[in-house]
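The values are calculated or read from the model by the stated rules, or taken from the named source; none is laboratory data. Keep in mind that this is a model prediction, so the values were computed, not measured. We place every Cβ from the backbone using ideal geometry, glycine too, and count neighbours over all the protein chains shown. Note: areas computed on protein heavy atoms with side chains; ligands, DNA, RNA excluded. Shrake-Rupley method; radii C 1.70, N 1.55, O 1.52, S 1.80 Å.
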Amino acid sequence: MLKHKYQYLNKRTKDNIILRFDACRKTQEATEKCFHLISSSNLYKLLCTNFPEKYIEIYFKKLFYIELNPIVNQILIYKWEVENKTKNKLGVIETKTFSLPKLLPNIFSDIAGIKLKHGFDFIKLRKNIDRSLALVRDKCLNLKNLFTKKSYSFFEKEKNYVAVNYREGISDDKRSDLFWLYNSGINIPNIILYIETYSFFKRYKEEKIIENLNKTKKINIIKIWELDKFKKKSYYKKIKNELINASENNYLDKILLKKSTDLLEKIEFWHSFFEKYKIKIHFDHNETDVDLAIKQIALHLTNSCSIGKARSYYCNSRGLHYYLFPVDIFCTWGRKSIENLRKNVLSKTESNINNVLVTGYPYRYITEKVKTKIQIMQNQLQNKNTRFNILLLDNGAGNNKDYIYQLPSYHLFKKFYNFFFKWVVEDKEVGLIIKPKRFSVFKNTNVEEAMNKAIKTGRCCIEEESFGSIPWHYSKLANMIVSVSSLTIPTAMLECLINNKKTKAIFFDYPNLKNIEPDLYFWGKDRVVFNNMDTMLSSLKNYKNNPSSKEDLGSWTEDYINNLDAHMDDKFSYRTCNYVANLLKAFNNGLDKNGAIDMANKNFSEKWGKENILITNNKLARGI
């Protein structure tokens, strides 16, 4: 394993908060300084003349945030080591991830004693090689398609379509890109599931499900690599020439010109794609890169709209969720999400979203296959006469021996899992249900021997197909849910609470969220949230042996849970699907994007209440 010079490990601020939070905030500050420098360029101004300025700004901010974050991480780790007297030598910071290294002295004003070294980025080279090989592979597949005369015969020019990007998978017993369709009872015609790359097609091993999707759900499939090249638009050629002519012979413009022409090429592709297939409504659950902003520009050009959703608990830590949702319509869970969204808009961590729908928790569906699996677990525990069943949920772990991630360590999880494996072996009244984020956590924490002993008791059930599976499905088997937070309150645990108010749940607060979630700490410290793992584990054991010793252990207030989900029912899919159906109907009746959204909003407001829709018209940031 490559040993990194700068390692997060368990480094923390003086307030005992993981350093990663500081890094997110500092990266946002650095990004805003960088953006200020490039926004004065004529190239940037020219892009804003031809495309919506809001999305051009989001694109470059997100791009530079991704490039600057590794640099900020290294600087913070170095400074921590100096302050804690673990390092006195000159700090050499690798800046190879940033495409404008000569601007760094203008972006960072407090780097005395630090040398910036812009070496060759082998990781970027490897990614470019992989990307090039993927392009060659896709061209070969496209050539094969020409010989086999593959065509998308489903397409009808007189109809409008809803497009869904394949990102999370489509298995209906896990988190799915088609989540909004399940159990809705509403038929949405003309849906396209498009897959961007061949590697995504293979990612979840759902090839057969995808190929049968049209037969089973009447959903059409487009594999992007099978498409013929779109005819070039003179509009983009004109803008490219204007960019070249406007570019000045200076350092900034030379690099910005390349970025601008690359952006132009991507906008043109998605513009042509959305236009050709008459896509008026677009779902894309990708949050991590800049593609969403590019597609948003293309949707604007085709008078189309996008719908996004909160995939997990959305907190208000500055810089943590940086411009994740540049969408037209955003579906969120409840009042807590609205409150955090408003704070993130005010702190420039999130773009203002003009239409916010309070639709509730999105993953309430459950299949017969999962019900059968849960029943088998329940029978297994009942046959062993367990009296106290515990559901364990983790949210990811790592060794933190680099400057990219800072998660609960494998060492911490070794202690966590060994405690429960030993307990279930020693106490015949205890049962375990474990839903890890990834099954590999047991190997990485070196607890497999202890795990196998626990499994042999017949009182330890582990979900082996854990990635993407929905946590609340297992919660009704448990007397107590125990989790560990990584960056925010554990979403998996909150999902269980939303779906069963009587659930008891506790978690170890690894990052120290006291300042970010003060309302939770006010009533929930050492009741539902613990910042000391030993205290949490001993409290749990005492509670099992004598519940009256701390009757409120794991008990969440009803107000807190109700603020997470405004509806607390099984109608998320119906609400969202009904909104999409009204939106599509409005487009089919010839309304433009704004008119279609207005009509769908009116219907949603009448059906579900004015309090469950925010039509902000760019006023959300002012507290509307």
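Scanning region 203-238 for residues that are farther than 28 Å from Arg575 by Cα, among the basic types (Lys, Arg) and either more than 22 Å from the chain's Cα centre (by Cα) or open to solvent by less than 30 Å² (accessible area, probe 1.4 Å) (or both) yields Lys208, Lys223, Lys229, Lys231, Lys232, Lys233, Lys237, Lys238.
Applying the criterion of being aromatic (Phe, Trp, Tyr) and open to solvent by 60 Å² or more (accessible area, probe 1.4 Å) to the residues of region 82-131, the residue that is modelled with the lowest pLDDT is Phe122. Kindly indicate whether Ile58 is open to solvent by less than 10 Å² (accessible area, probe 1.4 Å), closer than 23 Å to Leu257 by Cα and out of contact with any strand residue (DSSP E or B) (no Cβ under 8 Å at 6 or more places or on another chain). In short, yes. What residue, among those in region 192-202 that are closer than 29 Å to Leu264 by Cβ and in a helix (DSSP H, G or I), is nearest to the chain's Cα centre (by Cα)? Residue satisfying both the conditions and the ranking: Phe200.
The rows are residues; the columns are (1) more than 26 Å from Val345 (Cβ to Cβ); (2) open to solvent by less than 20 Å² (accessible area, probe 1.4 Å); (3) free of Cβ contacts under 8 Å to residues at least 12 places away in the same chain; (4) under 30 Å from the mean Cα position of the chain (by Cα).
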position	(1), (2), (3), (4)
Ser539	yes, no, no, no
Asn542	yes, no, yes, no
Glu558	yes, no, no, yes
Lys571	yes, no, no, yes
Lys593	no, no, no, yes
Asn603	no, no, no, yes
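Scanning region 436-464 for residues being touching a residue at least 12 places away in the same chain (Cβ under 8 Å) and either of a type outside the set (A, V, I, L, M) or touching an Asp or Glu at 6+ places or on another chain (Cβ under 7 Å) (or both) gives a total of 17.
Of everything in region 392-409 that is assigned to a strand (DSSP E or B) and of a type in the set (Gly, Ala, Ser), the residue that is least open to solvent (accessible area, probe 1.4 Å) is Gly398. Every condition in (1) surrounded by 18 or more Cβ atoms within 10 Å (Cβ to Cβ); (2) part of a loop (DSSP other than H, G, I, E, B); (3) in contact (Cβ under 8 Å) with a residue 60 or more places away in the chain is met by Leu584 except one, and the failing one is (2). Scanning region 321-343 for residues that are under 25 Å from Gly468 (Cβ atoms) and more than 16 Å from the chain's Cα centre (by Cα) yields Ile329, Gly334, Lys336.
Residue by residue through region 210-253, note down the ones that are among the small types (Gly, Ala, Ser) and either under 15 Å from Lys276 (Cβ atoms) or assigned to a helix (DSSP H, G or I) (or both).
Ser234, Ala246
Here is a yes/no grid of residues against (1) closer than 29 Å to Cys460 by Cβ; (2) modelled with pLDDT under 95; (3) open to solvent by 30 Å² or more (accessible area, probe 1.4 Å); (4) under 18 Å from the mean Cα position of the chain (by Cα):
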residue	(1), (2), (3), (4)
Val345	no, yes, no, yes
Thr349	no, yes, no, yes
Asn354	no, yes, yes, no
Tyr363	yes, yes, no, yes
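Only one of these is part of a loop (DSSP other than H, G, I, E, B), under 27 Å from Ile498 (Cα atoms) and either in contact (Cβ under 8 Å) with a residue 40 or more places away in the chain or not β-branched (Val, Ile, Thr) (or both): Asn340, Asn316. Name it.
When all the criteria are applied, what remains is Asn316.
Looking at region 412-423 only, could you name the residues that are under 34 Å from the mean Cα position of the chain (by Cα), free of Cβ contacts under 8 Å to residues at least 40 places away in the same chain and surrounded by fewer than 22 Cβ atoms within 10 Å (Cβ to Cβ)? Lys414, Asn418 - these are the residues of region 412-423 that are under 34 Å from the mean Cα position of the chain (by Cα), free of Cβ contacts under 8 Å to residues at least 40 places away in the same chain and surrounded by fewer than 22 Cβ atoms within 10 Å (Cβ to Cβ).
Looking across region 373-391, the residues that are among the aliphatic types (A, V, I, L, M) and either in contact with a Pro (Cβ under 7 Å, 6 or more places away or on another chain) or in a helix (DSSP H, G or I) (or both) come down to Ile374, Ile376, Met377, Leu381. Here is the figure for region 541-577: residues that are charged (D, E, K, R) and part of a helix (DSSP H, G or I) total 6.
Yes/no matrix, rows are residues, columns are (1) surrounded by 22 or more Cβ atoms within 10 Å (Cβ to Cβ); (2) part of a helix (DSSP H, G or I):
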site	(1), (2)
Phe273	no, yes
Ile281	yes, no
Asn286	no, no
Ala293	yes, yes
Asn303	no, no
Arg311	no, no
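For region 1-37, residues that are surrounded by fewer than 21 Cβ atoms within 10 Å (Cβ to Cβ), in contact (Cβ under 8 Å) with a residue 12 or more places away in the chain and of a type in the set (Val, Ile, Thr) total 1. Scanning region 454-498 for residues that are among the polar types (S, T, N, Q) and either assigned to a loop (DSSP other than H, G, I, E, B) or surrounded by fewer than 22 Cβ atoms within 10 Å (Cβ to Cβ) (or both) returns Thr457, Ser466, Ser469, Asn479, Ser486, Thr488, Thr491. Condition check: of a type in the set (D, E, K, R) and over 29 Å from the mean Cα position of the chain (by Cα). Does Lys89 satisfy that? Against the criterion (of a type in the set (D, E, K, R) and over 29 Å from the mean Cα position of the chain (by Cα)), Lys89 qualifies. Residues of region 374-398 that are at pLDDT 95 or above and not hydrophobic (A, V, I, L, M, F, W, C): Gln375, Gln378, Asn379, Gln380, Gln382, Asn383, Lys384, Asn385, Thr386, Arg387, Asn389.
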